[in-house]
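Student: Here you go, one structure.
The values are calculated or read from the model by the stated rules, or taken from the named source; none is laboratory data. Computed from a predicted model, the values in this text were never measured in an experiment. Because the Cβ atoms are built from the backbone with ideal geometry, glycine has one as well, and the counts that use them run over all protein chains shown. Areas reflect the complete protein model, heavy atoms only, side chains present, ligands, DNA and RNA absent. Shrake-Rupley method; radii C 1.70, N 1.55, O 1.52, S 1.80 Å.
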Amino acid sequence: MTEKSRLLKAWEWHEQRLPIGHWLDHSLGSKYPAPKNLNYWWNFGSLALFMLVLMIITGVFLAMNYTAHTSMAFDSVERIMRDVNNGWLIRYMHANGASFFFIVVYIHIFRGLYYGSYKPPREVLWWMGVIIYLLMMATAFMGYVLPWGQMSFWGATVITNLFSAIPGVGDAIVTLLWGGFSVDNPTLNRFFALHYLLPFVIVGVVVLHVWALHIPGSNNPLGIEAAPADKIPFFPYYYAKDAVGLGVFLVVMFAVVFWLPNAMGHPLNYEKANPLVTPPHIVPEWYYLPFYAILRAIPDKLLGVIAMFGSILILFVLPWLDRHPVRSATFRPIFKIFFWVFLANGIMLGWCGSQLAEGLPLILSRVGTFWYFFHFIVLLPLLSWVETPKPLPASISQPVLSPAMKPAE
Amino acid sequence: MANTAHAHAAAAQGETRRDFLLHSTIAVGAVGGAMMVWPLIHSMNPAADTLSLSTTEFSVAGIAEGSGITVVWRGKPVFVRHRTAAEIETAKKDDTADLRDPQTDAVRAQKPDFLILVGICTHLGCIPLGMKATEPRGDFGGWFCPCHGSHYDTSGRIRRGPAPANLEVPPYTFLSDTTVRIG
């Protein structure tokens, strides 16, 4: 008996008792058939998983050197930067990794919006994604508080104060969140505990997300059902394709980590938290800016908070707002225009969120907020009703095999 | 089609362009992964501020004969005992005794009066007793480890019990007659 077959036998013995290889092969391997026409926009799901793993690994090593106490947190982060071996690299990977994780996830979400990936039968898959997004925002927010700089402290103060808008019990809830009467050591301690916990909750929801993905299988750029003949095994085909995208992505990310590590951060967070001085202009991290603009667009505390949370929660009912039977924007010329308008509007709201809330930015953030909700509540239901789609191909192979019948797109 | 023909020709020889690309991709990925793992693991090694604590200076001027002090070096206790003439004599006499970890007293003490040892039992890291007058010093008049019963003599050598080696002598220098730097 050769050495190799002995190893193989041992592996099979183990598989009969705990079929973990079988499970992985069916989840993300050669037994998962994926449509053969997936383009590079489909790369961002595996990139998001890569980023989640990278964030957990770098985060665990940072936690080994971090002290969650108001009198030591700032200095312990500076010690990571100056004294811990490669601490600067690990911290810059984690801090910029958060931004790149959001870049990846935003592209992943907008890919789903463009190709109608939220439509039946993928509504629960979409819900799991929205839950992951919400958990990511909570995790990133609490992580940003940990270095205990000025932006950390005042960001924590402002965001927790959002809950004070709730009538009647608002103040009691904020006191509960703080564990005191201001953002202080108890707040920092619990934020650290939760910041360490939530990524593992995200891992759990990612498992559900992938599970829900496997019931109908992946959507594709044409948005039509993929026949078994039009599918290829996820391994090795999409491993190879995703590896190309991962390589390009890592080049970009590490260019930022090495040469522009503070480009997406705020210099004020290198100043230690001072509970007695609010910085003149506090802004959240860039990935919250559109929602921050919505919050400030509305001149009423409670309604502003409702609009801000509503702007994300509305994603849960998106499958019932856009009831158009055709998924892919490729075959919906009017929807496609408004998709790009919506994206541009989101970027404009982000810019508004970075400016002082007065003058032109305030006017634009009001227009943008109106358009954001108009898109979901009026436009999408209306288009589901009136838009005539272009003719759909009969199968994924058909446009390639008989180009005469290829749609205009 | 020329490429296809070429690939077929190569495949006939058992080597293809695709094999080369696959293997070089895996190799680059593996090297890249390993290059990422090292900074993470190295971050667990002592940091610059920890390494900067690696020396300790103290004075032996105030230590009465027959007693000792414990100083901290790298977070570890270091025993400094001002030995009596009788203790030194016993230690030198026992140079020829049946020792588990044979060492002469002259090697273990730069100045016979002052014995300087890392106060950590070489068995499993407890701190042996014997620095205070009220503590037991074991059957050989040196130190006694209460965790698992190791006895050390007046030169800090292991004489009985489970410990495999003598109490460690740290690197030290006498900067003057009374000032010592460890590390």
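Student: Suppose we take every Cα in the range A:36-281 and form the convex hull; what volume per residue is that in Å³?
Tutor: So the per-residue Cα hull volume is 146 Å³.
Student: Please report the buried accessible area for the interface of B with A, total over both chains, probe 1.4 Å, in Å² to the nearest 100.
Tutor: That pair hides around 1100 Å² of surface in total.
Student: Taking each full run of DSSP H in chain B as one helix, which ones are at least 24 Å long along their axis (Cα atoms) and have mean Kyte-Doolittle hydropathy of at least -0.5?
Tutor: B:17-42
Student: Hey, if we sort B:Arg108, A:Arg82, B:Arg160, A:Arg17 by accessible area with the 1.4 Å probe, largest down, what's the order?
Tutor: Largest accessible area first, the list is A:Arg82, A:Arg17, B:Arg160, B:Arg108.
Student: Between B:His148 and B:Thr50, with labels modelled 7 Å along Cα→Cβ, what's the label distance in nm to one decimal, could you check?
Tutor: With each label point 7 Å from Cα toward Cβ, the separation is 2.4 nm.
Student: Report A:Glu225's accessible area, 1.4 Å probe, all protein chains in place, as a number in Å² to the nearest 10.
Tutor: My reading of the accessible area for A:Glu225 is about 120 Å².
Student: I'd like the FRET efficiency for A:Phe200 and A:Ser27, computed as 1/(1 + (r/R0)^6) with the beta carbon distance as r and R0 of 22 Å, rounded to 0.05.
Tutor: That gives a FRET efficiency of 0.75.
Student: Evaluate the Debye formula for the range A:283-389 with equal point scatterers sitting on the alpha carbons, no solvent, and hand back log10 of I(q)/I(0) at q = 0.13, 0.15, 0.18 Å⁻¹, in q order, two decimals.
Tutor: Listed by q, the Debye log ratios stand at -0.50, -0.64, -0.86.
Student: Can I ask one more? Top to bottom by accessible area (1.4 Å), largest first, where do A:Val251, B:Val60 land?
Tutor: A:Val251, B:Val60
Student: Which FRET efficiency, nearest 0.05, do A:Ile312 and A:Ser395 yield, Cβ-Cβ r, R0 35 Å?
Tutor: E(calc), rounded to 0.05, equals 0.45.
Student: Hey, any idea what Rg/Rh is for the range B:51-182, computing Rh the Kirkwood way over Cα pairs?
Tutor: Rg/Rh: 0.94.
Student: Leaving out ligands, DNA and RNA, and with a 1.4 Å probe, what % of the accessible surface on the protein assembly as shown is carbon or sulfur?
Tutor: Carbon-and-sulfur percentage of accessible area, whole number: 70.
Student: Show log10 I(q)/I(0) for the protein assembly as shown at q = 0.06, 0.10, 0.12 Å⁻¹, two decimals, from a solvent-free Debye sum over equal Cα scatterers.
Tutor: -0.52, -1.01, -1.23
Student: How large is ³J(HN,Hα) for each residue in the range A:232-237, as worked out from phi by the Karplus curve 6.51 cos²θ - 1.76 cosθ + 1.60 (θ = phi - 60°), to whole Hz, x for Gly and Pro?
Tutor: Result, ordered by residue: 10, x, 4, 9, x, 4 Hz.
Student: At a Cα cut-off below 14 Å, give the aspartates and glutamates reachable from B:Lys93, other chains included and same-chain residues fewer than 8 away excluded.
Tutor: B:Asp105, B:Asp153
Student: Could you check the simple spin-label distance between A:Leu18 and A:Val341, using points 7 Å along Cα→Cβ, in nm with one decimal?
Tutor: In this crude spin-label approximation the distance works out to 5.6 nm.
Student: Using helices alone, I'd like the mean residue ellipticity at 222 nm for the protein assembly as shown: each DSSP H run of four-plus residues gives -39500 (n - 2.57), total over residue count, nearest 500.
Tutor: For the protein assembly as shown, the value works out to -16500 deg cm²/dmol.
Student: Work out how much length A:Glu123 to A:Trp259 would gain on full extension: take 0.36 nm times their residue separation and subtract the Cα-Cα distance, in nm to one decimal.
Tutor: Value of the extension gain: 44.9 nm.
Student: Assuming R0 = 41 Å, can you tell me the calculated FRET efficiency for the pair B:Val31 and A:Thr388, based on Cβ-Cβ distance, to the nearest 0.05?
Tutor: 0.15
Student: For A:Val77, what accessible surface area do you get with a 1.4 Å probe? Give it in Å², rounded to 10.
Tutor: 10 Å²
Student: Might you list the cysteines of the protein assembly as shown that have no disulfide-compatible partner by the rule of another cysteine's Cβ under 4.7 Å?
Tutor: Singleton cysteines: A:Cys352.
Student: Whole number in Å², please: accessible area per residue of chain A, 1.4 Å probe, ligands, DNA and RNA not counted.
Tutor: For chain A, the per-residue accessible area is 49 Å².
Student: Another question, if that's okay. Where in chain A are the DSSP H helices whose alpha-carbon span along the long axis reaches 30 Å or more and whose Kyte-Doolittle mean is at least 1.0?
Tutor: TM-like helix candidates: A:123-145, A:185-214, A:333-354.
Student: Just give the residues from the range A:53-80 buried by at least 40 square angstrom of accessible area in the all-chains context relative to the isolated chain, probe 1.4 Å, and say none if nothing qualifies.
Tutor: A:Phe61, A:Arg79
Student: Would you mind checking A:Lys9/A:Lys36; B:Lys76/B:Lys111; B:Lys76/B:Lys132; A:Lys9/A:Lys241; A:Lys119/A:Lys301 for any pair whose Cα atoms are more than 28 angstrom apart?
Tutor: Violating the 28 Å Cα-Cα cut-off are A:Lys9/A:Lys36; A:Lys9/A:Lys241; A:Lys119/A:Lys301.
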